[in-house]
Amino acid sequence: MITENFNPPFACNQKSNLGVQGCAERQVDSGDTRINAEVKLLFRVLYDNASRRALVTAEYAWLAYRGADCTSQSDEYEGGSQQPIAYLQCLAVDDRSRSADLKGFYEALTAGRHNVAAFP
């Protein structure tokens, strides 16, 4: 399960840097929640425990990649007020990309199967 520690999250407001950061935090929370639901569904439709372990391993690897990717992309703003915003916006973009990948995996996995749950 992906969890973030926005403690407390900033209010979303496009008129200040902290507000933009708050909006980005909400996008990341939403994306993480969606991915958690997608992975949970995939976990249920996978055929065996080895496949489930492989999915868990892939998720850990993807989370490590996402963190490194977004750290790298936000380094352009290192030390500035835009760095956390760039980092969070990158997380949101990577979440959308991962969600699309998971949807494709689910569709391939369930092709031709009947009575499977709808993808979140």
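The values are calculated or read from the model by the stated rules, or taken from the named source; none is laboratory data. For clarity, every value in this text was computed on a predicted model and none was experimentally measured. Glycine also receives a Cβ, built like all others from the backbone with ideal geometry; neighbour counts cover every protein chain displayed.
Side notes on the structure shown:
- Some residue of the stretch 2-10 being surrounded by 12 or more Cβ atoms within 10 Å (Cβ to Cβ) and in a helix (DSSP H, G or I): no
- Val56 under 30 Å from Arg113 (Cα atoms) and either assigned to a helix (DSSP H, G or I) or of a type outside the set (A, V, I, L, M) (or both): yes
- Glu76 acidic (Asp, Glu) and in contact (Cβ under 8 Å) with a residue 24 or more places away in the chain: no
- Within the span defined as the stretch 20-37, every residue fails to be exposed (fewer than 14 other Cβ atoms within 10 Å of the Cβ), at pLDDT below 95 and not in a helix (DSSP H, G or I).
- For the stretch 19-39, filtering for residues that are in contact with a helix residue (DSSP H, G or I) (Cβ under 7 Å, 6 or more places away or on another chain) and of a type in the set (S, T, N, Q) leaves 2.
- Test for Tyr106: is it among the hydroxyl-bearing types (Ser, Thr, Tyr), under 20 Å from Thr33 (Cα atoms), out of contact with any strand residue (DSSP E or B) (no Cβ under 6 Å at 6 or more places or on another chain) and in contact (Cβ under 8 Å) with a residue 40 or more places away in the chain: yes
- Which numbered condition Gly67 misses (of (1) surrounded by 12 or more Cβ atoms within 10 Å (Cβ to Cβ); (2) within 12 Å of the chain's Cα centre (by Cα); (3) modelled with pLDDT under 95): (3)
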